[in-house]
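Notes follow the structure.
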Amino acid sequence: MPDPLGDFSYTWPFLAAAIVGYFVGSIPFGLVLTKLAGFGDVRKIGSGNIGATNVLRTGNKGLALATLLLDGGKGALVVILCYTYLTQDYAVLAGGAAFLGHLFPIWLKFKGGKGVATFIGIMFAISWPAGLAVGVTWLLVAFILRYSSLSALISAALAPAYLYILMEMSPIGTSYFGDLQRIEFAGFMAILIFIRHHQNIGRLLKGTEPRIGKNKN
């Protein structure tokens with residue numbers, strides 16, 4: 001096996017996957033779409049977040065849906081392309097880079113979104129049954145409890161368990177190590193989602209977290 005540190009021909013595809021993944025993930029669709037639609041800077045609305053939940057506060061449901069699909073799609077896209085033309089290792093690397101790109105986009109001085117839509121899109125790409133389970137969990141919690149942040153936290157926390165239970169149904173890989181890699185990847189993203197929601201967690205514990213439909217997230 002070639003030395004990844006000494007053989008650039010071995011290393012550059014990993015670097016390329018990480019760089020492309022990051023820059024695709026860093027596209028702030030919520031900000032771009034709201035500006036193009038004439039709503040101004042979404043960071044000055046509601047919670048100040050660039051995600052679909054805050055875009056919904058413009059009153060334009062179509063714009064919020066487009067943000068949701070594009071933020072989820074950019075994560076799924078890099079994973080699917082890398083798995084199709086390279087290997088699962090590249091797919092996980094590119095997906096992780098896209099997720100980090102959304103959270104810390106260079107264009108916005110590394111102040112991005114909370115990563116929920118991108119996370120769900122990546123989950124669909126690495127295992128559609130687990131991605132579906134995560135999406136349904138988010139919808140159920142949001143419908144019953146009316147907390148967007150709590151929906152995200154519960155969905156993210158359950159993602160590794162869903163992967164473990166449903167890994168045999170996954171379109172990407174069937175080996176033990178391949179499945180373990182995806183479970184660890186889901187856990188990594190879940191930890192970052194919890195970190196990004198630390199203020200929401202504090203408000204949930206205090207009972208001051210606004211429900212869906214209120215002015216702040």
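The values are calculated or read from the model by the stated rules, or taken from the named source; none is laboratory data. Since the model is a prediction, treat every value here as computed from it, not as a measurement. Here the Cβ is made from the backbone with ideal geometry for all residues, glycine too, and neighbour counts use every protein chain on show. Side chains are part of the model used for accessible areas, which takes the heavy atoms of the whole protein and leaves out ligands, DNA and RNA. Shrake-Rupley method; radii C 1.70, N 1.55, O 1.52, S 1.80 Å.
May I ask you to rank Asp71, Asp41 by accessible area, largest first, using a 1.4 Å probe over the protein chains only? If you can, show how the numbers build up before the last one.
Details: Asp71 5, Asp41 30 Å².
Solvent-accessible surface, decreasing: Asp41, Asp71.
As a test of reading the structure, rank Lys111, Lys35 by solvent-accessible area (1.4 Å probe, protein chains only), most first.
Details: Lys111 145, Lys35 115 Å².
Highest to lowest solvent-accessible surface, that is Lys111, Lys35.
Placing +1 at every Lys and Arg Cβ and -1 at every Asp and Glu Cβ, with all other atoms neutral, what dipole size does the stretch 56-140 have around its Cα centre, in debye to the nearest 20?
Details: 6 positive and 2 negative charges, 83 e Å.
Result for the stretch 56-140 is approximately 400 debye, rounded to the nearest 20.
On a full-extension model of 0.36 nm per residue, what is the gain between Ala161 and Lys61, subtracting their alpha-carbon distance, rounded to one decimal in nm? Mind showing how you got there, number by number?
Numbers: separation 100, 0.36 × 100 = 36.00 nm, distance 3.18 nm.
Length gained, Ala161 through Lys61: 32.8 nm.
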Starting from the Cα gyration tensor of the stretch 80-131, take the square roots of the eigenvalues, sort them a ≥ b ≥ c, and report rounded, prolate or oblate (rounded when a/c is under 1.5, otherwise prolate if a/b is larger than b/c, else oblate). oblate
Please count, across the chain, the pairs of lysine residues with Cα atoms under 17 Å apart that sit 8 or more places apart or on different chains. 13
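Of Arg211, Arg196, which has the most accessible area with a 1.4 Å probe, and how do the rest follow in descending order?
Details: Arg211 110, Arg196 65 Å².
Putting Arg211, Arg196 in descending order of accessible area: Arg211, Arg196.
How far, in nm, would the chain grow between Ile144 and Val32 when pulled straight, counting 0.36 nm per residue and subtracting the alpha carbon separation?
Values: separation 112, 0.36 × 112 = 40.32 nm, distance 3.13 nm.
The span from Ile144 to Val32 would gain 37.2 nm if fully extended.
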Between 0 and 90°, nearest 10: helix 8-25 axis offset from the chain longest Cα axis: 10 degrees
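Quick one: dipole size for the chain, taken about the Cα centre, charges +1 on Lys/Arg Cβ and -1 on Asp/Glu Cβ, in debye to the nearest 20.
Working: 17 positive and 9 negative charges, 302 e Å.
Using Cβ point charges on Lys, Arg, Asp and Glu, the chain gives about 1440 debye.
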